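Q: Pasting a structure here, questions to come.
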Amino acid sequence: MKLYNQVAMITGGAKGIGKAIANSFANEGATIVLFDINDVVLNQTADNIKKRYGIEVITVVGDVTNYNECQTAVKNILDKVDKIDILINNAGITKDNLVIRMSEQDWDDVISINLKGVFNVTKSVVKSMIKRRYGRIINIASVVGQIGNIGQINYAATKGGVIAITKTCAKEFASRNILVNAIAPGFIATDMTNNLTEQQKNYICSVIPLARFGNVVDIARAALFLASEDSSYITGHILSVNGGIYM
Ligand code: NAP
């Protein structure tokens, strides 16, 4: 098992990509900590993983935008499980609109969750990693942060920012044996992309060389690689999992 005896904390882990990563890590022997704002779905996902893999799953209902909440949550987690080996900064939302129509609120909401949330959780967790001289941090960015996208000024800014955070943290923490990498997914079939029209989906597939949306498992496999010893000489890397839409 690739993650035996390791503790992995996944923000936004109740559904979508976070849930798939949680299942994949549980299958490799990790203890799972799910941090999500959505308590009902969070508990369903946790129960499922516990039953399927017979492992411990800790749930934390919390909001990544709230710095104090993140600090307290991490302290409580560490009281229970003693360490966090792997952090997946995955919680994220979209509130799309053209620049001229985007409200200040929609700008602020996306920045708070997708960008400030990564700072809040990373800062809360990394001190314990520094003390133990071990850690793997994996940030979920997006191809949109690499190439931009019409109607996503807020989202693109956050995901470009997540890439910059990844490289900065990789440099700051390398001497403490903490590796920091990001995954930049392309278009993945989850609730986030579910509200696209058929016409939009068909157009997107027509410009993806592999001609399909990705699955959550495609991202989970990449996360497992970056969390495991298989990637022990990789840091500050942005791993594209995008069907070739950006090379
Ligand atoms: P998803 O299915 O909507 O799951 C996101 C999870 O994060 C949900 O459970 C959500 O709860 C939770 N969350 C939202 N705000 C939160 C907050 N403030 N604090 C804690 N948890 C919060 O989305 P997904 O498609 O799996 O996306 C996961 C990550 O991948 C995001 O960072 C996204 O930007 C990135 N990504 C996705 C795609 C894609 O095509 N799907 C592509 C590139 C990158 P609620 O449901 O209650 O909001």
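Q: Considering only segment 153-176, state which residues are near the ligand (Cβ under 10 Å from one of its atoms) and farther than 23 Å from Ser228 by Cβ.
A: Result: Tyr155, Thr158, Lys159.
Q: Could you list, in sequence order, the residues of segment 195-247 that are at positive phi and either in contact with a Lys or Arg (Cβ under 9 Å, 6 or more places away or on another chain) or buried (at least 17 other Cβ atoms within 10 Å of the Cβ) (or both)?
A: Correct list: Gly236, Gly243.
Q: Taking only segment 73-115 into account, find how many residues are within 14 Å of the ligand (Cβ to nearest atom) and free of Cβ contacts under 8 Å to residues at least 12 places away in the same chain.
A: Residues meeting the conditions: 1.
Q: Condition first: within 12 Å of the ligand (Cβ to nearest atom) and touching a Lys or Arg at 6+ places or on another chain (Cβ under 8 Å). Can you find one or more residues in segment 41-55 that meet it?
A: yes
Q: Next question, about the same structure. Return yes or no: is Thr31 free of Cβ contacts under 8 Å to residues at least 60 places away in the same chain and touching a helix residue (DSSP H, G or I) at 6+ places or on another chain (Cβ under 7 Å)?
A: Yes, satisfied.
Q: Also, quick follow-up: Scan Ile188, Ile238, Ile204, Ile234 and give me the residue that is within 10 Å of the ligand (Cβ to nearest atom) and within 22 Å of Ile137 (Cα to Cα).
A: On inspection, the qualifying residue turns out to be Ile188.
Q: Further question: Any idea which of (1) near the ligand (Cβ under 9 Å from one of its atoms); (2) modelled with pLDDT of 95 or more is the one Asn38 doesn't satisfy?
A: The single condition Asn38 does not satisfy is (2).
Q: Right, next: Pairs needed: first member in segment 226-247, without any contact (Cβ under 8 Å) to a residue 60 or more places away in the chain and over 20 Å from Phe25 (Cα atoms); second member anywhere, surrounded by fewer than 16 Cβ atoms within 10 Å (Cβ to Cβ) and among the aliphatic types (A, V, I, L, M); C-beta distance under 6 Å; at least 6 residues apart or different chains.
A: Gly243/Leu210; Gly244/Leu210
Q: Need a quick list: helices (runs of 4 or more DSSP H) entirely within segment 112-194 having at least 3 residues that are out of contact with any Ser or Thr (no Cβ under 9 Å at 6 or more places or on another chain), modelled with pLDDT of 95 or more and surrounded by fewer than 20 Cβ atoms within 10 Å (Cβ to Cβ).
A: Helices (runs of 4 or more DSSP H) meeting the threshold: 117-132, 153-173.
The values are calculated or read from the model by the stated rules, or taken from the named source; none is laboratory data. Computed from a prediction, not measured in an experiment: that's the story for all the values here. Every residue, glycine among them, receives a Cβ derived from its backbone with ideal geometry; neighbour counts consider all protein chains shown.
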